[in-house]
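Notes follow the structure.
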Amino acid sequence: MVNLVLALGFTCYLIHFKPFLDRDYNTLQVINEISYLITSFHLIAFTDYNSDVDMKILAGWSMIFFSIANLVWPNLVILVQGMYPEIKESCKKKPTKEDLAEED
């Protein structure tokens, strides 16, 4: 339970104070913290408060989905944002004869 309170408090801190200089990095950290909070809420389903086995299985699959989504989506966004300026620049620049000669 302490884990949930700390995660919620840190999420509120990130949303209110925006401690990082980069706006995108602040957004990414908020997304990661909310995903961590959702994953932490899933842990309640595995305790003795929930005696339904089917619900525990469903909560397990849901936790796996959120964990994979949190691993893939933010990293994919960072990758695309990092590569986008280079791809945009290479599409604008037309190859010269020297560039074509260097490839051979």
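The values are calculated or read from the model by the stated rules, or taken from the named source; none is laboratory data. This is a predicted model, so every value here is computed, not measured. Positions of Cβ are generated from backbone atoms using ideal geometry, with glycine treated the same way; all protein chains shown enter the neighbour counts.
Restricting to region 37-54, what's the tally of residues that are among the hydrophobic types (A, V, I, L, M, F, W, C), in a helix (DSSP H, G or I) and in contact with a helix residue (DSSP H, G or I) (Cβ under 9 Å, 6 or more places away or on another chain)? The qualifying residues number 5.
Is it the case that region 42-53 has a residue that's among the charged types (D, E, K, R) and surrounded by fewer than 10 Cβ atoms within 10 Å (Cβ to Cβ)? Yes - at least one qualifying residue is present in region 42-53.
When Q81 is tested against (1) closer than 22 Å to L14 by Cα; (2) over 14 Å from the mean Cα position of the chain (by Cα), just one condition goes unmet, and that condition is (2).
Return yes when L14 is in contact with a helix residue (DSSP H, G or I) (Cβ under 8 Å, 6 or more places away or on another chain) and either assigned to a helix (DSSP H, G or I) or not aliphatic (A, V, I, L, M) (or both) and no when it is not. Yes, satisfied.
Is it the case, given these coordinates, that I34 is touching a Phe, Trp or Tyr at 6+ places or on another chain (Cβ under 6 Å) and assigned to a helix (DSSP H, G or I)? Here the answer is no, as I34 does not meet what is asked.
Could you tell me whether N26 is surrounded by 15 or more Cβ atoms within 10 Å (Cβ to Cβ), more than 14 Å from F66 (Cβ to Cβ) and at pLDDT below 95? Here the answer is yes, as N26 does meet what is asked. Residues that are farther than 22 Å from T27 by Cα and either assigned to a loop (DSSP other than H, G, I, E, B) or touching a Leu at 6+ places or on another chain (Cβ under 9 Å) (or both) within region 64-100 comprise K93, K94, P95, T96, listed in sequence order.
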